[in-house]
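Q: Here it is: the structure, laid out below.
The values are calculated or read from the model by the stated rules, or taken from the named source; none is laboratory data. The structure presented is a predicted model; accordingly, all values stated were derived computationally and were not measured. Cβ sites come from the backbone with ideal geometry, for glycine too, and all protein chains shown count toward neighbours. For accessibility, only protein heavy atoms count, side chains too; no ligands or nucleic acids. Shrake-Rupley method; radii C 1.70, N 1.55, O 1.52, S 1.80 Å.
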Amino acid sequence: MKIAFVGKGGSGKTTLSSLFIRHLATTGAPVVAVDADINQHLGAALGLDDEQAAELPAMGARLPLIKDYLRGANPRIASAETMIKTTPPGDGSRLLRLREQNPVYDACARPVELDGGAVRLMVTGPFTESDLGVACYHSKTGAVELCLNHLVDGRDEYAVVDMTAGSDSFASGMFTRFDMTFLVAEPTRKGVSVYRQYRDYARDFGVALKVVGNKVQCQDDIDFLREQVGEDLLVTVGHSDWVRSMEKGRPPRFALLEDTTRTALRTLQDAVDATYEHRDWERYTRQMVHFHLKNAQSWGNARTGADLASQIDPDFVLREEAVATA
């Protein structure tokens, strides 16, 4: 199952995504965690110190390797250089699975031991001084989108992506790549503004969207969120001494997390798991093609010098039964 955490900066998006990742790890399920935020804080939220976080391999810096591996023996893709972030898989492409070991994970993922389990952590890499004025952060998140396009995941296995803040996610089709999107919102007017943007953008694409109210202090906060987002409000989270200790770099054992927060995390997992029965791989594949054609026409063809529409395999549908090339 593919899950995104979105929200405005400062909403607690990274904190809640890290708590959810820790919760999933305690279940023994395979988990791949991805930091796709321009501000790279997920590693620290999962307990890495500054040196360990700085040593994480950046996916954006390994894009040629990712493209070369995923291209496989797909005859419609002339070379890895002609692949862009939206290139969809086809017959002969290599696919990614959460339970396997492969060259992409070898190069880009690192195991993170958590209290109660372990996860694979992948990061896009920070936006550096050398990028200023010459690069767009979406050139880094493109590696994540390409991997999601080739990911075949099943029940009881999870890819959790901490997305960039605000509505920047809509600069590509990556917002349609998820079974569930959790929008973290504070009980303020600014806190729900990103929700309205996300709801309106996502409406035409069948994106499953639920709001997680964060930093909730009283019933009036809950009433405000309910008034603003209606039935999309799934659960609320208030103050946590465990989280405060974690943010100081001294997290207690996860078993000591407050019952109210633990219950909220189980509610999130239940909501994710419930989407499994409604998966529509045909629609998922159509959306990949839709955004690939848009990107090809707007910049991809000119950038690569190729007709990227020819990369589309009209008979291919990504699904759990899809077979990756050797």
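Q: R0 = 22 Å: FRET efficiency of TYR201 with SER298, Cβ-based, nearest 0.05? Don't skip to the answer; put the middle values down first.
A: On the way: r = 17 Å, r/R0 = 0.79.
About 0.80, to the nearest 0.05.
Q: Taking 8 Å as the Cα distance limit and 6 or more residues as the minimum spacing, I'd like the relative contact order of region 4-138 as a percentage.
A: Relative CO of region 4-138 lands at 34 percent.
Q: A further question follows. Assuming 1.567 mPa s and 4 °C, estimate D for region 1-121 with Stokes-Einstein, Rh taken as the Kirkwood radius over Cα pairs, in µm²/s. Mind dumping the intermediate values first?
A: Values: Rh = 15.9 Å.
Rounded, D is 81 µm²/s.
Q: Which whole-Hz couplings ³J(HN,Hα) result when phi for each residue of region 276-288 is put into the Karplus expression 6.51 cos²θ - 1.76 cosθ + 1.60, θ = phi - 60°, listed in order with x for Gly and Pro?
A: Calculated HN-Hα couplings, in order: 4, 5, 9, 4, 10, 5, 5, 5, 4, 5, 4, 5, 4 Hz.
Q: Per DSSP H run of at least 4 residues, take -39500 (n - 2.57); add these up for the chain, divide by its residues and hand me the 222 nm value, nearest 500 deg cm²/dmol.
A: So the calculated ellipticity at 222 nm is -10500 deg cm²/dmol.
Q: Taking the Cα-to-Cβ direction at GLU320 and at THR27 and moving 7 Å from each Cα, how far apart do the two end points lie in nm?
A: 1.4 nm
Q: Per-residue counts of other Cβ atoms within 10 Å, averaged by peptide: what ranking do you get for 245-254, 230-239, highest first?
A: Descending packing order for the listed peptides: 230-239, 245-254.
Q: Let me ask another. How much of the accessible area of the chain, probe 1.4 Å, is carbon plus sulfur, in whole percent?
A: The computed percentage sits at 48.
Q: Another question, then. Karplus couplings for region 206-220 from phi (6.51 cos²θ - 1.76 cosθ + 1.60, θ = phi - 60°), rounded to Hz, Gly and Pro as x?
A: x, 6, 6, 10, 10, 9, 10, x, 10, 6, 7, 10, 7, 4, 4
Q: OK, next. Count the net charge of all other residues whose Cβ sits under 10 Å from the Cβ of PHE182, scoring Lys and Arg as +1 and Asp and Glu as -1.
A: Cβ neighbours under 10 Å give a net charge of +2.
Q: Expected output is a single nm value to one decimal: the length gained when fully extending between THR263 and SER79, i.e. 0.36 nm times separation in residues minus the C-alpha distance. What is it?
A: Full extension of this stretch gives 61.4 nm more.
Q: Something else: Skipping prolines and chain starts, which residues have an amide H placed within reach, meaning under 5 Å, of the one on ALA208, given they are 5 or more residues away or on another chain?
A: Counting only residues 5 or more places away or on other chains, the set is THR181.
Q: What distance in nm separates the two pseudo spin-label positions at GLU247 and ARG279, each 7 Å out from Cα along the beta-carbon direction?
A: Taking the simple label geometry, GLU247 and ARG279 are separated by 3.6 nm.
Q: Follow-up. For ASP270 and GLN217 in the same chain, what is the full-extension length gain: residue separation times 0.36 nm, less their Cα-Cα distance, in nm?
A: In short, 16.7 nm is gained.
Q: What residues qualify as long-range amide H neighbours of LEU151, i.e. H under 5 Å apart, gap of 5 or more or another chain, H built at 1.01 Å from N?
A: Amide H neighbours of LEU151, under 5 Å, 5+ apart: LEU96.
Q: Counting only heavy atoms of the protein chains, get the accessible area per residue of the chain (1.4 Å probe) and round it to a whole Å² value.
A: Accessible area per residue, the chain: 44 Å².
Q: If you don't mind, another one. In what sequence, highest mean first, do 204-216, 106-118 appear when ranked by Cβ atoms within 10 angstrom?
A: Ranking, from highest mean packing down: 204-216, 106-118.
Q: Looking at the chain, what % of its DSSP beta bridges pair antiparallel, to the nearest 5?
A: Details: 6 of 35 bridges.
Counting only bridges with both partners in the chain, antiparallel ones make up about 15 percent.
Q: What is the chain's relative contact order, in percent, from Cα pairs under 8 angstrom and six or more apart in sequence?
A: 27 percent.
Q: Next question. Between ARG226 and GLU100, what FRET efficiency comes out of the Förster formula 1/(1 + (r/R0)^6) with R0 = 45 Å and r the beta carbon distance, rounded to 0.05?
A: Working: r = 42 Å, r/R0 = 0.94.
Rounded to the nearest 0.05, the efficiency is 0.60.
Q: Check which residues have an amide H placed less than 5 Å from VAL184's amide H, if you skip close sequence neighbours.
A: Residues meeting the criterion, in which the H sits 1.01 Å from N, are VAL6, GLY7, VAL212.
Q: Once phi is turned into θ = phi - 60°, what whole-Hz ³J(HN,Hα) does the Karplus curve with 6.51, -1.76 and 1.60 give for every residue of region 48-60, x standing for Gly and Pro?
A: 6, 7, 4, 5, 5, 5, 5, 8, 5, x, 7, 4, x
Q: Here is a further query. With each pseudo-label sitting 7 Å past Cα toward Cβ, what's the ASP307-GLU55 distance in nm, one decimal?
A: With each label placed 7 Å out from Cα toward Cβ, I get 5.0 nm.
Q: Between GLU145, GLU258, GLU55, where does the largest GNM mean-square fluctuation fall for the chain, given springs only between Cα atoms within less than 10 Å?
A: GLU55
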